[in-house]
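Structure, as structure tokens:
Taken together, the values in this text are just the output of simple stated rules run on the coordinates, not laboratory data. Treat the numbers as computed from the prediction; the structure is a model and nothing was measured. Neighbour counts run over all protein chains shown; Cβ positions are idealised from the backbone, glycine included.
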Amino acid sequence: MEVKLSRKQTEVGLIPEDWGTGPIRSFAEVRGRVGWRGYTKKDLVAYGPYAIGAKHIDSSNRLDLSEPTCISRSKYVESPEIMVCTGDVLIVQRGTIGKLVLVDRPIGDATINPSMVIIRTHKVSPRFVAYYLLSHSGQRQILADTSTTGVPMISQRQIESFLVPLPPTKAEQEAIAEALGDADALIESLERLVAKKRQLKQGAMRELLTGKKRLPGFSGKWEVKRLGTIGDISSAGVDKKSRPGETPIRLVNYLDVYRKDFLYSDDPCQWVTAPPLQARRCSVKKGDVFFTPSSETRDDIGISAVAMEDIPDAAYSYHVVRLRLTEQWDLRFRNYAFKTRAFLDQAETLCDGSGTRYVISQDKFKGMTVNVPCIREQTAIATILFDMDAEIAGLETKLAKTRQLKQGMMQELLTGRIRLV
């Protein structure tokens, strides 16, 4: 049952009358390196106690030891005060400030590296403390105290002084943490499901777009075609400037192509201008395929997106290349055909660069090849892959909404705006 009670103003905002506030030092030990300067290469081993650092906390603030750093046992026992226990909250002290993780399961022998600090609570729920420090209010305190000189850092004393609102009983603290933990479990299950569906789609693309697996009713030979023979390839697009007297247009830019598979009329959002002739020459029509011809890394060359409709008030940027097909291809297949590993490997191999910037010339781009079945088979393949994309998009929408819901729950529960009794 949810109950709303009277509230009082504190340094951490409005909280229920029967809640208290206290600095972390009042209910926990904050443990950091004491005279320990860390470890050197000679202390690293293939197997041994973990040395946990910021890189072992993932973007969802979960502990990830899939690529562990291990140190010798002799180095580990040097500093018993920073040996990690189940229930410890590990917080980054230097570097990526604001990252933290609760050690919620036994992980074996472990310590922290010099960038980390341990918060070990007494008579207070460590899960509640971890969730509060991850909330907007907790993060504001952490970031407000961050040093801005050199590498961002917070001192152990600053961590000890962070204020936490505390429900009067550990049972209520745990109830709040349990509710948020359930939301996290749902988020994690959705993340795993999205990852699984993505893997299934990648497997389907490998089989269907190479002809390795044929759909029922199709057996004809696929053709290998050079890009220069299947359509008109053009670059020299519109720049990002606006000049008086020119035609206002929206720009299909590099990031539009890099981030999207399919381009619709409401996607381009950057307004620029161009001379009328250039605007017409660089127009965006249904079926146009756009590619990234340059990047800081080889593996970002040749990323593509397809215009799913005419976009009359748009033109493509000088940072992308347009392929306007002169052959009849299924509209959706145009996107998937250029996302095979074989096609992207060609772009990666053919591009030129010095290590900081890579680019593929238009002549080399025209010489790249793609495997193409008949249009009926194109449509059948594209339908399967498009349906898989739609399912993934639906799951991602659900995941985003669940994350938003959790943020709302944190705001309500960690401030006592809603009580769980």
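Using the Cβ-Cβ distance between Lys401 and Asp182 with R0 set to 22 Å, the FRET efficiency works out to roughly 0.90.
At an R0 of 60 angstrom, the distance between the Cβ atoms of Glu11 and Arg198 translates into a FRET efficiency of 0.85.
Determine, from the Cβ-Cβ distance of Leu65 and Arg281 and an R0 of 41 Å, the FRET efficiency 1/(1 + (r/R0)^6), rounded to the nearest 0.05. With a Förster radius of 41 Å, E is 0.15. Taking the DSSP beta bridges with both ends in the chain, the antiparallel portion is around 85 percent. Among the helices of the chain, those built from whole DSSP H runs whose Cα atoms reach 18 Å or more along their own axis and whose mean Kyte-Doolittle hydropathy is at least -0.5 are 170-208, 375-413.
Here the simple spin-label model places points 7 Å from the Cα toward Cβ, and for Asp43 and Arg243 these points are separated by 6.1 nm. Applying the Karplus relation 6.51 cos²θ - 1.76 cosθ + 1.60 with θ = phi - 60° to the range 280-293 yields 3J(HN,Hα) values of 5, 5, 9, 5, 10, 10, 3, x, 4, 10, 10, 10, 8, x Hz, where x marks Gly and Pro. Inter-part distance, the range 333-357 to the range 85-130, computed on C-alpha centroids, equals 43 Å.
A cut-off under 9 angstrom between Cβ atoms defines the neighbours of Val289, and their net charge, with Lys, Arg +1 and Asp, Glu -1, is +2.
Answer rounded, prolate or oblate for the range 255-406, using the Cα gyration tensor with square roots of eigenvalues a ≥ b ≥ c: rounded when a/c is under 1.5, else prolate when a/b is larger than b/c, else oblate. Rounded shape, in that the Cα axes give a/c under 1.5. With a/c under 1.5 counting as rounded, go ahead and sort the chain into rounded, prolate or oblate using the C-alpha gyration tensor (a ≥ b ≥ c being the square roots of the eigenvalues; past the cut-off, prolate if a/b is larger than b/c, else oblate). Prolate, because a/c is 1.5 or more and a/b exceeds b/c.
Summing Cβ point charges (Lys, Arg +1; Asp, Glu -1) relative to the Cα centre of the chain gives a dipole of roughly 600 debye. Each of Lys212 and Asp352 was given a label point 7 Å from its Cα along the Cα-to-Cβ line. The distance between the two points is 3.4 nm. In terms of its C-alpha gyration tensor, the range 20-166 has a prolate overall shape, because the principal axis ratio a/c (a ≥ b ≥ c, square roots of the eigenvalues) is not below 1.5 and a/b outweighs b/c. Placing +1 on the Cβ of every Lys and Arg and -1 on the Cβ of every Asp and Glu, with no other charges, gives the range 20-166 a dipole of roughly 180 debye about its Cα centre.
Model label points for Leu143 and Thr297, set 7 angstrom from Cα along the Cα-to-Cβ axis, are 2.5 nm apart. Here's the list of lysines a cross-link from Lys42 could span, going by alpha-carbon distance under 18 Å and ignoring same-chain residues fewer than 8 apart: Lys75. Cut-off 18 Å, label point 7 angstrom out along Cα-to-Cβ of Thr379: give me the residues of the range 321-342 whose amide nitrogen falls inside. Backbone N within reach: 327-337.
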